Amino acid sequence: MKVAYVGVAALIGVTSLLVAQQSRPRIYQPENVNQPAWLEGRKNAQLRSASTISAFHDFQFEDRFETSGITFRNGVTEDSKRHYKAVHYDHGNGIAVADVDGDDKLDLFFTSLVGANGLFRNLGDGRFEDITDRSGLGLADRISVSASFGDIDNDGDPDLFVTTVRNGNVLFNNDGTGRFTDIASSSGTDYSGHSSGSMFFDYDRDGLIDLFVSNVGVYTTDEIGPDGYYVGVLDAFAGHLKPERSEPSILYRNLGGLRFQDVTEAMGLVDETWNGDAAVADFNEDGWPDLYLLNMQGHDEYYENVAGKRFERKSRAVFPKTPWGAMGVGVFDYDNDGDPDMILTDMHSDMSAKVGPEVEKRKSRMQWDEPFLRSGGNSVFGNGFYRNEGDGEFVEISDTVGAENYWPWGLSIGDVNADGFEDVFITSSMNYQFRYAVNTMLLNDGGERFKDSEFILGIEPRRGGRITGPAFVLDASGEDKDLALVDAYDLTGSVEVWGALGSRASVIFDLDDDGDLDIVTNEFNAEPMVLVSNLSERTEIRFLKVALEGDPSNRGGLQAKVVVTVGEHRYTKWLDGKSGYLSQSLAPLYFGLGAASTADRIEVTWPSGKTTEIAGPIELNRRLDIKESS
């Protein structure tokens, strides 16, 4: 089978290809991938801009993958390698954290499209050990996508839901020691289709967490490719034009006894958009968690929860314009005014036209026309940032606050400099056969604006400056001899093909328990980055970690609102579990508190409607466990 590599490359602006004539195996890479000239220029420009940032930024992240003990490598389908085509397999995988064995250390779970998933137990001091085999979470025979931790039976340990592509989704019950049992079939959650993200939340506030599963739409054929995946259709990104390819997302109600019921239709939540991920937030502040569904090929949808009885579609009434190609979402209080704001990443608008590095901070120059877009001219072509006005109104201010970037997938939110304002890390890339794209760190400058800081903080360029890596090996004289790539460049023998490295998902948490937040990524077809912060070594920090235990609310406290008061400042967070793209974690809430010496008060509003107040002075720089019953 011949693949039109040159045609695809030209479409995205890679107009010439290089074959490095080295000792075998030889290396192939697109132009402008290995040490592109613009990368150093951007680095220098950003370093010069550091003096304009008021927020503390005199610290660095260092990639310590090599010493972390993590041995996971993400695997991808051939549709993203030698038989490259524009299909949704290139959306990659999630990563999630939770204390799976009750030792008070947060462990790491990675999903992979091809090959086994990976569970790594946190040993402390930034070191991990592989416990995948004994955990039972490998799923090496499936095309895994996302991971969501949640305590489905209120027994105090995190259970896990994993979505797959046409292999059946899997719900695992944790025995409390980090050993998991597959209960997908008996629980009623073993749907098989084109699932993507998933999310636990208690929509009816009965004390049992329910489950929402995002289904993208049909983007595969029935042909089985290497490694057992279903080969993608050639026109995958026209799927939204074909109603027969729609695949509604699913809402499961937790019935107790490790059983779930599909209540999608009964709750008025039948949504046939190309939904890859979702967020939960009480946007109308009536005490009931609402749903925001991302549409990667059209308008997003917003459903308000009517007292746990049904969901009511309020999409255009509340959010008239949304990103056309939304991929990642985060809900947080960026300006510390007490209400939830929202950031969205838009990947697919950036794929409509060639965009050079010099214009990446601008909105997309959309090249697709309305017959393809089908959004009535009411789309945002780029990232979205919605400031909550506090009266049920949202204003889109992404350009004003500096939230735009290029080729974004997911995002993770956390106060990386512990100054009391939440920052945003955005994973960005396209990998083979595209040019390199930088991950973006948006440092929150006092709730006024976000400043690009990935070079300032040592996140870019990657460890050792290496921005490319091996993608696959061609047998140019054997089974791959008919590929267009081989024909075009007269390749023979064994040829190692390289491409740009790139991240898909991330989590932000304190992996070495030193009081500052670190970053771990799930790369695409490569090993993760383990970005460890030295903030606590560079300055004196003040923080609180708040862990919740609900009763009668759900045991994990999902959807609880926590407000920490320090003098005139109020810091508000919601425990939604959303830790990144295709990922949901169970971890304490992290409050950076700037120069505070103590906290004056903590107030928790539980999903049950009850409140818990803790009066100060409250000692800082520790984990505080709060129980609803107390």
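The values are calculated or read from the model by the stated rules, or taken from the named source; none is laboratory data. Every value quoted in this text rests on a predicted model; they were computed, and no experiment measured them. Heads up, the Cβs are rebuilt from the backbone with ideal geometry, glycines too, and the neighbour counts pull from every protein chain shown. Accessible surface areas use protein heavy atoms only, side chains included; no ligands, DNA or RNA. Shrake-Rupley method; radii C 1.70, N 1.55, O 1.52, S 1.80 Å.
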Kindly list the number of the only condition in (1) open to solvent by less than 10 Å² (accessible area, probe 1.4 Å); (2) part of a strand (DSSP E or B); (3) within 27 Å of F109 (Cβ to Cβ); (4) of a type outside the set (D, E) that fails for G557.
(2)
Can you tell me which residues in the stretch 105-128 are in contact (Cβ under 8 Å) with a residue 60 or more places away in the chain and of a type in the set (D, E, K, R)?
K105, D107, D125, R127
Is it the case that some residue within the stretch 152-161 is assigned to a loop (DSSP other than H, G, I, E, B) and within 20 Å of L582 (Cβ to Cβ)?
yes
Among (1) open to solvent by 10 Å² or more (accessible area, probe 1.4 Å); (2) hydrophobic (A, V, I, L, M, F, W, C); (3) over 30 Å from H569 (Cα atoms); (4) modelled with pLDDT of 95 or more, which single condition is I397 missing?
(3)
So, D335, is that one assigned to a loop (DSSP other than H, G, I, E, B), in contact (Cβ under 8 Å) with a residue 24 or more places away in the chain, under 30 Å from E568 (Cβ atoms) and not small (G, A, S) or not?
yes
Matching residues in the stretch 450-509 (more than 33 Å from the chain's Cα centre (by Cα) and without any contact (Cβ under 8 Å) to a residue 12 or more places away in the chain) number 4
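How about the stretch 415-512: which strands (runs of 3 or more DSSP E) wholly inside it have at least 3 residues that are closer than 25 Å to F110 by Cα and either open to solvent by 10 Å² or more (accessible area, probe 1.4 Å) or of a type outside the set (A, V, I, L, M) (or both)? First the steps, then the outcome.
On the way: elements: 423-428, 440-445, 449-452, 468-475, 494-500, 503-509.
Passing ranges, in order: 423-428, 468-475, 503-509.
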In contact with a Lys or Arg (Cβ under 7 Å, 6 or more places away or on another chain), surrounded by fewer than 21 Cβ atoms within 10 Å (Cβ to Cβ) and assigned to a strand (DSSP E or B): which single residue out of A595, A615 fits that description?
A615
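Among the listed residues L123, L108, L139, L171, which satisfies the condition of being closer than 20 Å to I70 by Cβ and either touching a helix residue (DSSP H, G or I) at 6+ places or on another chain (Cβ under 7 Å) or part of a loop (DSSP other than H, G, I, E, B) (or both)?
So the residue among L123, L108, L139, L171 that is closer than 20 Å to I70 by Cβ and either touching a helix residue (DSSP H, G or I) at 6+ places or on another chain (Cβ under 7 Å) or part of a loop (DSSP other than H, G, I, E, B) (or both) is L139.
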Please enumerate the residues belonging to the stretch 335-347 that are open to solvent by less than 10 Å² (accessible area, probe 1.4 Å) and not aliphatic (A, V, I, L, M).
P340, D341, T345, D346
Given (1) in contact (Cβ under 8 Å) with a residue 12 or more places away in the chain; (2) open to solvent by 40 Å² or more (accessible area, probe 1.4 Å); (3) among the small types (G, A, S), number of the condition A317 does not satisfy:
(1)
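Of the residues in the stretch 123-145, how many are surrounded by 23 or more Cβ atoms within 10 Å (Cβ to Cβ) and either more than 25 Å from G257 (Cβ to Cβ) or at pLDDT below 95 (or both)? Explain how you work it out, then say what you get.
So in the stretch 123-145, the residues surrounded by 23 or more Cβ atoms within 10 Å (Cβ to Cβ) come out as 128, 135, 137, 142-145.
Narrowing further to those that are either more than 25 Å from G257 (Cβ to Cβ) or at pLDDT below 95 (or both): 128, 142-145.
Residues meeting the conditions: 5.
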In the stretch 174-184, which residues are open to solvent by 10 Å² or more (accessible area, probe 1.4 Å) and either within 27 Å of H91 (Cα to Cα) or not in a strand (DSSP E or B) (or both)?
D175, G176, T177, R179, F180, D182, I183
When you go through (1) in a strand (DSSP E or B); (2) closer than 24 Å to D159 by Cα; (3) at pLDDT below 95 one by one for R623, which number turns out not to apply?
(3)
Out of the residues in the stretch 358-394 that are open to solvent by 20 Å² or more (accessible area, probe 1.4 Å) and part of a strand (DSSP E or B), state the one that is farthest from F450 (Cα to Cα).
F394
Positions within the stretch 281-317 being in a strand (DSSP E or B) and either within 19 Å of V216 (Cβ to Cβ) or basic (K, R) (or both), in sequence order
L291, Y292, L293, L294, N295, E301, Y302, Y303, R310, R313
Has the stretch 271-287 got at least one residue that is within 20 Å of S196 (Cβ to Cβ), over 21 Å from the mean Cα position of the chain (by Cα) and open to solvent by less than 10 Å² (accessible area, probe 1.4 Å)?
yes
